[in-house]
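Below is one structure, written out as structure tokens; comments come after it.
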Amino acid sequence: MSVTVISLAGMSATVIGYDPCVTRWQPNARGRLERAALELYSERGFEQTTVAEIAERAGLTERTFFRHFADKREVLFGGAGGLQQLLVDAVAGAPGSVTPIDAVAAGLDAAAALLGERRELAVQRQSIIAANAELQERELIKLASLAAAIADVLRRRGTGDPAASLGAEAGIAVFKIAFERWVEDANRQGLRELMRDSLEELQAVTAAS
């Protein structure tokens with residue numbers, strides 16, 4: 001028998017064969033583990049939750065958990081690679097005539113399209129990270145890696161330094177501020193709108209200086 005497993009990150013679909021008589025590998029196992037982990041992190045705290053408890057809540061085994069995640073932190077950060085690739089591809093694919101910051105804006109638009117339909121998940125994830133210093137540090141590392149990747153693609157587009165690095169760092173600052181506003185916004189203003197607003201505010205500040 002084969003089933004299709006779709007990641008909550010929305011980045012891929014994989015057909016997996018399994019025999020229900022000999023294993024507890026089940027359809028959408030990754031999604032079930034993610035939901036179970038987020039529930040437990042919210043209820044008990046990240047540090048107090050074990051992989052065994054996550055697997056039990058999901059109705060799966062620890063072995064199945066480790067097929068999908070290297071450790072319990074990766075439940076929160078496992079989609080970062082896909083997001084980075086999406087951003088990089090969008091920046092690289094922007095018309096050659098646009099400015100570096102407009103190329104970065106194309107990447108931000110792509111990220112907003114991916115994340116925009118997952119606000120409830122994003123709110124839950126953000127609250128878990130905000131409550132744990134280790135997770136906050138890992139989030140900053142991921143953002144730094146994202147900035148480095150964007151700077152690299154800007155250089156490949158012909159932007160020299162320090163403009164490439166500045167453009168990438170500015171883009172990540174816009175992303176971070178807009179994302180935080182989005183998860184906190186009771187009126188649920190769109191993520192793309194917030195990113196565009198933040199980018200315009202940055203450009204206005206730069207022009208004024």
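Does residue 112 count as assigned by TED's automatic domain parsing to the domain that holds residue 162, of a type in the set (A, V, I, L, M), touching a Lys or Arg at 6+ places or on another chain (Cβ under 7 Å) and closer than 19 Å to residue 190 by Cα?
Numbers: assigned by TED's automatic domain parsing to the domain that holds residue 162: yes; of a type in the set (A, V, I, L, M): yes; touching a Lys or Arg at 6+ places or on another chain (Cβ under 7 Å): yes; closer than 19 Å to residue 190 by Cα: yes.
Taking the combined requirement at face value, the residue satisfies it.
Output yes when any residue across segment 51-68 is in contact (Cβ under 8 Å) with a residue 40 or more places away in the chain and either farther than 17 Å from residue 134 by Cβ or among the aliphatic types (A, V, I, L, M) (or both), and no when none is. Looking through segment 51-68, at least one residue is in contact (Cβ under 8 Å) with a residue 40 or more places away in the chain and either farther than 17 Å from residue 134 by Cβ or among the aliphatic types (A, V, I, L, M) (or both). Would it be correct to say that residue 71 is part of a helix (DSSP H, G or I) and of a type outside the set (Val, Ile, Thr)? Against the criterion (part of a helix (DSSP H, G or I) and of a type outside the set (Val, Ile, Thr)), residue 71 does not qualify. Would a scan of segment 87-99 turn up a residue that is hydrophobic (A, V, I, L, M, F, W, C), under 20 Å from residue 123 (Cα atoms) and not assigned by TED's automatic domain parsing to the domain that holds residue 32? No. Of everything in segment 145-177 that is without any contact (Cβ under 8 Å) to a residue 24 or more places away in the chain and hydrophobic (A, V, I, L, M, F, W, C), the residue that is nearest to residue 42 (Cα to Cα) is 177.
Take segment 125-137 and flag every residue that is buried (at least 17 other Cβ atoms within 10 Å of the Cβ) and in a helix (DSSP H, G or I). Explain how you work it out, then say what you get.
The initial filter retains those residues of segment 125-137 that are buried (at least 17 other Cβ atoms within 10 Å of the Cβ), namely 125-126, 128-129, 132, 135.
Selection gives 125, 126, 128, 129, 135.
Which residue is surrounded by the most Cβ atoms within 10 Å (Cβ to Cβ), if the candidates are limited to segment 153-167 and must be assigned to a helix (DSSP H, G or I) and either within 17 Å of the chain's Cα centre (by Cα) or not aliphatic (A, V, I, L, M) (or both)? Give the steps one after another, and end with the answer.
As a first pass, look at segment 153-167 and keep what is assigned to a helix (DSSP H, G or I): 153-156, 163-167.
Narrowing further to those that are either within 17 Å of the chain's Cα centre (by Cα) or not aliphatic (A, V, I, L, M) (or both): 155-156, 165, 167.
Values: 155: 16, 156: 12, 165: 18, 167: 22.
Step by step, filter segment 153-167, then rank; the result is 167.
Can you find even one residue in segment 121-136 that is over 20 Å from residue 176 (Cβ atoms) and assigned by TED's automatic domain parsing to the domain that holds residue 201? There is no residue in segment 121-136 that is over 20 Å from residue 176 (Cβ atoms) and assigned by TED's automatic domain parsing to the domain that holds residue 201. On the basis of being surrounded by 15 or more Cβ atoms within 10 Å (Cβ to Cβ), of a type outside the set (Ser, Thr, Tyr), at pLDDT below 95 and touching a Leu at 6+ places or on another chain (Cβ under 7 Å), does residue 29 make the cut? When the stated conditions are applied, residue 29 passes them. If you go through segment 177-191 and pick out every residue that is surrounded by fewer than 15 Cβ atoms within 10 Å (Cβ to Cβ) and within 14 Å of the chain's Cα centre (by Cα), you end up with 1. Does residue 60 count as among the aliphatic types (A, V, I, L, M), part of a loop (DSSP other than H, G, I, E, B) and at pLDDT 95 or above? For residue 60, the condition - among the aliphatic types (A, V, I, L, M), part of a loop (DSSP other than H, G, I, E, B) and at pLDDT 95 or above - is met. Is it the case that some residue within segment 60-78 is under 16 Å from the mean Cα position of the chain (by Cα) and surrounded by 21 or more Cβ atoms within 10 Å (Cβ to Cβ)? Yes; the residues of segment 60-78 include at least one that is under 16 Å from the mean Cα position of the chain (by Cα) and surrounded by 21 or more Cβ atoms within 10 Å (Cβ to Cβ).
The values are calculated or read from the model by the stated rules, or taken from the named source; none is laboratory data. All figures in this text were calculated on a predicted structure; none of them were measured in a lab. Neighbour counts run over all protein chains shown; Cβ positions are idealised from the backbone, glycine included.
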